[in-house]
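As structure tokens, the structure follows; a few thoughts come after it.
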Amino acid sequence: GENVEQHPSTLSVQEGDSAVIKCTYSDSASNYFPWYKQELGKGPQLIIDIRSNVGEKKDQRIAVTLNKTAKHFSLHITETQPEDSAVYFCAATSHGSSNTGKLIFGQGTTLQVKP
Amino acid sequence: NAGVTQTPKFRILKIGQSMTLQCAQDMNHNYMYWYRQDPGMGLKLIYYSVGAGITDKGEVPNGYNVSRSTTEDFPLRLELAAPSQTSVYFCASSYQGSQPQHFGDGTRLSIL
């Protein structure tokens, strides 16, 4: 079935360094790729998303890149701050779900930013 | 703005009991979703709805039921609670299927 693989499962960086999280997906029909940040005891919050007709999108310190040929997309966080510490999830639309919004989620990456 | 509201926040059930997890959104969103999140795992879709009166199964629907009688509410029903249903349950909504999903803060459910 459809699958989204996310790596690494944990990531520790020094404050000010960059962090990169990578995801691969199996369904070539996937066309929407959101990234969520989840803080302890809270629900996931959308931080950035990208659609299949775009290769890169940036919002201040956060950027996402998409390679449709290789079926992978990545989250880049620059100048990391302690408040960036959280669990990050990637997701992709599942087969035939463009009208339903059904998402397949990666397993999550726990990011720790050390002061 | 309230967004997506889930109640209760925590609940402990005994095996075989039933309960309803409530979800309400005030954003006039057409689409609503129920996910479960197990420790160290991503979210898995249980059920979803594209509008009032319309529901469909997701990846892991067994043991659950839903209804969507209004645009605002999308309750999730557990009929015969089993230990395997111990999880954190998240409700989400979006205006359309191709739009970002907004999540509630979850219901933490333990079945003993």
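The values are calculated or read from the model by the stated rules, or taken from the named source; none is laboratory data. Computed from a predicted model, the values in this text were never measured in an experiment. Here the Cβ is made from the backbone with ideal geometry for all residues, glycine too, and neighbour counts use every protein chain on show. Protein only, heavy atoms only, side chains kept; ligands, DNA and RNA dropped before computing areas. Shrake-Rupley method; radii C 1.70, N 1.55, O 1.52, S 1.80 Å.
See the values below:
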read-out: Breaking point among (1) at pLDDT below 95; (2) crowded, with 18+ Cβ neighbours inside 10 Å, for A:Asp84; value: (1)
read-out: Scan of segment B:90-110 for residues that are more than 7 Å from chain A (Cβ to nearest Cβ), touching a Ser or Thr at 6+ places or on another chain (Cβ under 7 Å) and open to solvent by 10 Å² or more (accessible area, probe 1.4 Å), ordered by number; value: B:His102, B:Ser110
read-out: Condition met for B:Ile15 (over 11 Å from the mean Cα position of the chain (by Cα) and farther than 22 Å from B:Gln96 by Cα); value: yes
read-out: Criterion (surrounded by fewer than 16 Cβ atoms within 10 Å (Cβ to Cβ), out of contact with any strand residue (DSSP E or B) (no Cβ under 8 Å at 6 or more places or on another chain), in contact (Cβ under 8 Å) with a residue 40 or more places away in the chain and charged (D, E, K, R)) met by exactly one of A:Glu79, A:Glu15, A:Glu39; value: A:Glu79
read-out: Segments classed as strands (runs of 3 or more DSSP E), wholly inside segment A:8-115, with at least 1 members that are over 17 Å from B:Tyr33 (Cβ atoms) and within 10 Å of another protein chain (Cβ to nearest Cβ); value: A:45-51, A:86-93, A:109-114
read-out: Those residues of segment A:87-112 which are β-branched (Val, Ile, Thr), open to solvent by less than 10 Å² (accessible area, probe 1.4 Å) and at pLDDT 95 or above, in sequence order; value: A:Thr109
read-out: Hey, B:Ile12 in contact with a strand residue (DSSP E or B) (Cβ under 6 Å, 6 or more places away or on another chain), open to solvent by 50 Å² or more (accessible area, probe 1.4 Å), hydrophobic (A, V, I, L, M, F, W, C) and closer than 19 Å to B:Leu80 by Cβ or not; value: yes
read-out: Of the criteria (1) touching a Leu at 6+ places or on another chain (Cβ under 9 Å); (2) among the polar types (S, T, N, Q); (3) open to solvent by 50 Å² or more (accessible area, probe 1.4 Å), which one B:Gln37 fails; value: (3)
read-out: Criterion: out of contact with any Gly (no Cβ under 8 Å at 6 or more places or on another chain) and either surrounded by 21 or more Cβ atoms within 10 Å (Cβ to Cβ) or in contact (Cβ under 8 Å) with a residue 12 or more places away in the chain (or both) - qualifying residue of B:Thr55, B:Thr71; value: B:Thr55
read-out: Residue check, B:Ser87 open to solvent by less than 40 Å² (accessible area, probe 1.4 Å), more than 10 Å from chain A (Cβ to nearest Cβ) and touching a residue at least 24 places away in the same chain (Cβ under 8 Å); value: yes
